[in-house]
Amino acid sequence: MRQSNSSATLAKLNERVGDLPKNHLKKLRKCPKLASLHSIYEALGSLLESDHAYLSQIAELIGRDPPLISRLLKLVNSMLYAMDQPCANIEEATLAAGLDKISDLILSTPVIEDLQQLQQADTEVEWTQFWKHSIATAILSREIFAHRKESSRGDVDYIAGLIHNVGKIILALLFPEKFATLACRTYKDKLEETEAEYKIAGADHAVLGAYYLNANRFPVEIIESTLCHPRPSQVLEQPDLSATVQLASNLARLAGIAGIEKLPRPEWADIEKLEGWAILFQEDSSIHLRQALNPTLEQLSFFLDSMV
């Protein structure tokens, strides 16, 4: 009998986890859990999805959360909006940012706040660059799905992009010395990086991230995309999400948002050679995708400077 998508994915994860050294599993089981998302974000998300999203109500909810206020004001006062006078009013800031950017803030802020609690102080790693790359990947993942005219997936595509590299935080937290060794190396591509992680740390960041997300009860398709984003051809049932995340991550690097990974900056020709490209697009799709994504690629740096 054929396994369901859920059971097949989790069986694959358990198989990969079963290859880990026993001491790795002990450490993973003791890894701190993600805090529950605060009700304010749930309320804001529901309001933004409604047919009648009133700016005054959105501003009122944002006003209850200091980190969200800080990011919103930083966003609207950034070069992206080129405002003549600095904005200090939450309702005006909400109007200036627009619902799409507010949605990005709502989705990113709680995850970043939670996962930053896991990070150890490490002066050798530029974690700010890590978060910029993660958010860029999230934004581009959503843009790629929109370009392909996919049916609504809620926020799955965005969240999958945002947390695809969560395993790197787990590596840094549980195996700091080995992570430091890995972080200073240069790799020719993502596969070489994951192979080095396995050789030095006994596990790559994709497996560790997927295990962690499963322990925190994330949706199975996000667990699968995290596990397989370096190799989307290995996905059992839904390769499009992993393929999208792989393309988005590489496109972020193409835009100069490299994160903490010491990988070469790709060209468009390199993007088209990825497994994810073959899964998602035809040979004649390149020019159309470039035209669709260029505005976002050009604005990403400005937006990210205000987000993180």
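For the range 257-284 versus the range 162-212, the inter-centroid distance based on Cα atoms is 20 Å. Here the label points at ALA11 and LEU191, each 7 Å from Cα along the C-beta direction, are separated by 2.6 nm in the simple model. The slack in the chain from ILE287 to ARG265, taken as 0.36 nm per residue of separation less the alpha-carbon distance, amounts to 6.0 nm.
The calculated FRET efficiency for the pair ASN23 and TYR198, based on their C-beta separation and a Förster distance of 22 Å, comes to about 0.90. Between GLU126 and ASP305, the contour length at 0.36 nm per residue exceeds the Cα-Cα span by 63.0 nm.
Rule-based calculations on the coordinates, nothing more; no lab input. Only a predicted model underlies this, so the values are computations on that prediction, with no experimental measurement involved. Virtual Cβ from ideal backbone geometry, glycine too; neighbours counted across all protein chains shown.
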